[in-house]
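The next block holds one structure in the form of structure tokens; read it before the comments.
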2 protein chains.
Amino acid sequence: MERFHLVCRACRKSRKFQLALERCSCGGSFVVEYDLEQVQNTLSKESLLERPSTMWRYWELLPVRDSSNIVSLGEGWTPLVRLHRAEKALSVAKLWVKREEQNPTGSFKSRGFSAAVSIAKEYGVSKVAVNSNGNAASALAAYAAYAGMEAYVFVPQDCPGLIVEECVGYGAHTVLVYGLIHDAGKIIQDGKAEQGWHHVGTLKEPGRAEGKKTMGLELAEQLAWKLPDVIVYPTGGGSGVIGMWNAFRQLKELGMAHGDLPRFVSVQEAGCQPLVDAVQAGRFAEQNSDVTSAPTGMRVPNPPDGDWLLSILRETNGTAVAVSGEEIRNASIHLGKLGISSSPEGAATWAGFCRLREQGWIRPHDEVVLFNTSHAMKYMHWPVKNVPIVKNYADWVTHPRRM
Amino acid sequence: MERFHLVCRACRKSRKFQLALERCSCGGSFVVEYDLEQVQNTLSKESLLERPSTMWRYWELLPVRDSSNIVSLGEGWTPLVRLHRAEKALSVAKLWVKREEQNPTGSFKSRGFSAAVSIAKEYGVSKVAVNSNGNAASALAAYAAYAGMEAYVFVPQDCPGLIVEECVGYGAHTVLVYGLIHDAGKIIQDGKAEQGWHHVGTLKEPGRAEGKKTMGLELAEQLAWKLPDVIVYPTGGGSGVIGMWNAFRQLKELGMAHGDLPRFVSVQEAGCQPLVDAVQAGRFAEQNSDVTSAPTGMRVPNPPDGDWLLSILRETNGTAVAVSGEEIRNASIHLGKLGISSSPEGAATWAGFCRLREQGWIRPHDEVVLFNTSHAMKYMHWPVKNVPIVKNYADWVTHPRRM
């Protein structure tokens, strides 16, 4: 039996693993499941001691068959830094920051793309494409370059300029799109047959969610297999939350972690807060217009797997909070003075944490983990130059400066 | 006997470890030496397996007495990434990039300042100051903030703006200085008694060199204790080279590494190449004027321990090369297309490597390690705002916007 296969979340039908993820005939979405008995033959707390300091230390729980296909730039196993001074000031037992900006492409997106590009390599793919608010684009650009694949990245026209610069620096075909992240995704959808693109967008293939799962595996190992009480995570598409939830579930089944799952807190920026609204309303509603928040990784009006996200927040007794742009800016200044540079997403988790601590939702005896998902510098204002800007696929095909 | 003490490099006189480094009465410079028999009681290849993934895994070889004084943001244990495609294209056995930009402050300087600020904490210091071309300044700013110390950083007026922004973000008193790095250093020298600054400049205290030493310790461990044939390192003050040379020497004495030391190659940018000139002339000459190179970590006209550096290049059969600004820009584009974003210093090592491979100095069977010492983004053009700019200490004392 193969080490991994796909299972429909809704009807539990299983099928052979494949490169592109489609919906099940019942309408449910597929997830990767592993033969945990097989996994247990080689994966243990002890065997991990001699493994490389990248997310590939957990190769048994990642869907790549032949290790020669692993495309690794040194992603994962990022530091978990304790904020002693803040613990005292805010009366909380333990407060950690997971520093995902120390990944090779300066954000947690390195993980998903290391996995996705490795799988693509295993299937002989040569052209990859992604829609993104920014960090996923530069991550795909880097991993594709390292693997010798051609990358096409489509980002909203207000994507932070330094991230656009990164994509161009890795030699990716880089395009700005009028609209939001789903408008950029439509271009890939419309063009993929004609262009031969492998679509590496959220939930379009199995690698990205699996790569992000390693954040949870790492967190458990770094905390000596005792899960924290609360995880505060900046949430856009939410595959980070889904990935970590999945990680903890698998570790519990493997007998490597015990006890309750952490309460997941999703932080969003006011102005694009579908998850916060859904927690209040009890269900998801489409939100296509009236998006007023800044172009960060949290700005995803219609998270493709929103209901799953919502069920995780409920199941773990978690919640969702929206913080303002001003709260984010103040949080960033505060964290800087504690020695931690933070992206807007990372600063948002500090703002969310402070709010919930003040309200008593986070309690004095809690152990809390914040995620700084991306490098501070990426979000400084940088004017974009020489990159084509398009409305749709037809527009791109005919653009004179198609890079 | 204490685990560590100071020894004069010239007359071998030893003395008790202390916070500030002064010259020996014979004129020689002091280095930290360790009681290696004591070190061997706990440090071994096996014991390292269970240690944290930071440079503090080598605590026995770092001069901090009480582990509660360690100021760590998750520095060190950075990835070593193999460039398979480039190995084939350029016919070299093994080619690696050590990704120092993945340190917490985006450069290798995190190491030296984690050590220096830890020592400062052990001695009860509350105000620290440094002169720097940039990355040392932002590193001091971050570590001081985390430790709750006040930081004063002095950088040349053409310091990359994003690095200045980092310093300000960490809450450091940040000042631009007309002139070069030694002009900035003079301000600290002139003001330290009056201001109560602990001077953390190159060779002013023992921590920075010891912290950088961990690059060598790590390299040896990551390559399974077999040292590489060639190390190509971007050289300014040169304490990285001195540190790694020291690391290999200590590992050999400990019986943890064997064989010849790597041939060290120092890369500089044409326009400030005192080391390249010294290798050709056989000795160092002062170079204060006519500096025309860009403001990177390599621009140090008068490396304080230049003769030591030169002797290391000779002893290891190494060399020094100067590459042009244009070669550096092209190297950066080339590395980007291989999936590696590089700072000018890192790109310079690629340019130096290509030159030496072409000349046959680097041979087909060599194993070569390049160092990308800093984050690519830091060097993008960014206008500096709201930071005082001064000529000298008197100027600073009276400046209306002294931050």
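The values are calculated or read from the model by the stated rules, or taken from the named source; none is laboratory data. Note that the coordinates shown come from a computational prediction; the quantities given were computed from them, not determined experimentally. Cβ coordinates were reconstructed from backbone atoms using ideal geometry, including for glycine residues, and neighbour counts include every protein chain displayed. Remember, those area values only see protein heavy atoms, side chains included, never the ligands or the DNA or RNA. Shrake-Rupley method; radii C 1.70, N 1.55, O 1.52, S 1.80 Å.
Structure values in brief
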item: Test: residue in the stretch B:107-124 that is at the interface with another protein chain (Cβ under 9 Å from one of its Cβ atoms) and over 18 Å from residue B:345 (Cα atoms); result: no
item: Residue tally, condition of a type outside the set (Lys, Arg), within 11 Å of chain A (Cβ to nearest Cβ) and buried (at least 24 other Cβ atoms within 10 Å of the Cβ), over the stretch B:82-99; result: 1
item: The stretch A:123-139: number of residues that are on the phi > 0 side of the Ramachandran plot and either of a type in the set (A, V, I, L, M, F, W, C) or crowded, with 24+ Cβ neighbours inside 10 Å (or both); result: 1
item: Conditions (1) charged (D, E, K, R); (2) within 19 Å of residue A:239 (Cβ to Cβ); (3) open to solvent by less than 90 Å² (accessible area, probe 1.4 Å); number of the one not met by residue A:35; result: (2)
item: Every residue from the stretch B:200-240 that is in contact with a helix residue (DSSP H, G or I) (Cβ under 6 Å, 6 or more places away or on another chain), touching a residue at least 60 places away in the same chain (Cβ under 8 Å) and hydrophobic (A, V, I, L, M, F, W, C); result: B:200, B:209, B:215, B:217, B:232
item: Some residue of the stretch B:120-132 being assigned to a helix (DSSP H, G or I) and of a type in the set (Gly, Ala, Ser); result: yes
item: Residue within the stretch B:361-371 that is open to solvent by less than 40 Å² (accessible area, probe 1.4 Å) and either among the polar types (S, T, N, Q) or over 27 Å from residue B:244 (Cβ atoms) (or both) present; result: no
item: Those residues of the stretch B:10-24 which are open to solvent by 90 Å² or more (accessible area, probe 1.4 Å) and in a loop (DSSP other than H, G, I, E, B), in sequence order; result: B:12, B:13, B:16, B:22, B:23
item: Selection within the stretch B:146-199 - in a strand (DSSP E or B) and farther than 18 Å from residue B:293 by Cβ; result: B:150, B:151, B:152, B:153, B:154, B:173, B:174, B:175, B:176, B:198, B:199
item: Residue count for the stretch A:345-355, restricted to those that are within 13 Å of chain B (Cβ to nearest Cβ) and either surrounded by fewer than 24 Cβ atoms within 10 Å (Cβ to Cβ) or within 19 Å of residue A:237 (Cβ to Cβ) (or both); result: 1
item: Set B:387, B:323, B:300: member being within 22 Å of the chain's Cα centre (by Cα), away from chain A (no Cβ under 14 Å), more than 25 Å from residue A:102 (Cα to Cα) and open to solvent by 10 Å² or more (accessible area, probe 1.4 Å); result: B:300
item: Residue list for the stretch B:201-245, filter: assigned to a loop (DSSP other than H, G, I, E, B) and over 24 Å from residue B:321 (Cβ atoms); result: B:201, B:203, B:204, B:205, B:206, B:224, B:225
item: Output for the stretch B:100-122, where each listed residue is open to solvent by 10 Å² or more (accessible area, probe 1.4 Å) and either more than 15 Å from the chain's Cα centre (by Cα) or β-branched (Val, Ile, Thr) (or both); result: B:121, B:122
item: Among residues of the stretch B:40-74, those that are buried (at least 19 other Cβ atoms within 10 Å of the Cβ), assigned to a helix (DSSP H, G or I) and within 14 Å of another protein chain (Cβ to nearest Cβ), counted; result: 3
item: Enumeration of residues in the stretch B:135-153 that are out of contact with any Lys or Arg (no Cβ under 7 Å at 6 or more places or on another chain) and within 13 Å of chain A (Cβ to nearest Cβ); result: B:138, B:140, B:141, B:142, B:143, B:144, B:146, B:151
item: Residues that are facing chain A (nearest Cβ under 10 Å) and acidic (Asp, Glu), drawn from the stretch B:154-166; result: B:165, B:166
